[in-house]
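Okay, structure first, notes after.
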Amino acid sequence: MRLRLPSVMIVSGLITAAFLACHAQSPKPVPVKASPPGSVSALHLKQTHYYWDDTELYLSNVGLRLNNLGRMGFSLVAAAPDWDVTVFRQDDKTCVRQSLDSFARTGLVSDFLLKRSPRTFEQSVLARRDIKFGKFPGRLYSNEREIFEFLPLAPYAAPPCERIIFTVYKIPTNRGIPMKCIKLLRGVDGLTGRDRTGDQRVYLVTRRIEMVNVSPEIFQAPKGYLASKSIQEVILSKENRSASGDLDELFEAHRSKRK
């Protein structure tokens, strides 16, 4: 997702944020209430990512589930105690399973297609201030080119959830839950040759956040699905793969559309 706005508007907003910066202790997170028997409390987020389009996240201390609501239509689950990651799709009934360590190394797509950003947002921070997403307290960090907003990981989710989110989204998490990431671009686009200086790219926005009670089964891998050879074969449907025999070509085409 990319919005073209005059850079002076963005810089002005960032400077304003810098004046509002405060260094007080962050407010306490919203308490996680006890769940009814047979269910667990989960943080439910609907977000839009610049590469993955619309996503839905369920985060808890016992598991994570990510549903891609965009054109790719895959799901990803992981659960305690081992936190192995399973990527699957319901239309083709296919899946692939990896250890968390293996998944963290490879991700869903290569770093060439989706560049990996630094995990923490700490360099050249001009402003730090407390903010709220509805009733959920969070933090805003910004500098002259970037705005980053996030929630603390605790008490909503276990540490492996943050590791998985970073591996999928490849944007900063600051060891928490990313809520918004916006950057001013600079330099020439390697694909189009166009000067992108001053363009604004919205890497991530959050459209909805709430606490819900869910069955722990939503964090479990489905049974009876056909094991695929690679993650790339799963995140693209059989129909899309049939349109072109070259998976790299399909992913590159999707990358180009997000420019």
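The values are calculated or read from the model by the stated rules, or taken from the named source; none is laboratory data. Remember, predicted model here, so these are calculated numbers, not experimental data. We place every Cβ from the backbone using ideal geometry, glycine too, and count neighbours over all the protein chains shown.
General remarks:
- Hits in the stretch 124-168 - residues which are touching a helix residue (DSSP H, G or I) at 6+ places or on another chain (Cβ under 8 Å), at pLDDT below 95 and among the polar types (S, T, N, Q): 142, 143
- Members of the stretch 160-185 found to be touching a residue at least 24 places away in the same chain (Cβ under 8 Å), charged (D, E, K, R) and outside any loop (DSSP other than H, G, I, E, B), listed by number: 163, 180, 183
- Considering residues of the stretch 92-146 that are polar (S, T, N, Q) and under 15 Å from the mean Cα position of the chain (by Cα) only, the residue surrounded by the most Cβ atoms within 10 Å (Cβ to Cβ): 117
- Breaking point among (1) buried (at least 18 other Cβ atoms within 10 Å of the Cβ); (2) touching a residue at least 60 places away in the same chain (Cβ under 8 Å); (3) assigned to a strand (DSSP E or B); (4) of a type outside the set (Ser, Thr, Tyr), for residue 157: (3)
- On the stretch given as the stretch 33-64, residues that are over 20 Å from residue 208 (Cβ atoms) and without any contact (Cβ under 8 Å) to a residue 40 or more places away in the chain total 2.
- Residue 110 falls short of the stated requirement of being modelled with pLDDT of 95 or more and farther than 15 Å from residue 161 by Cβ.
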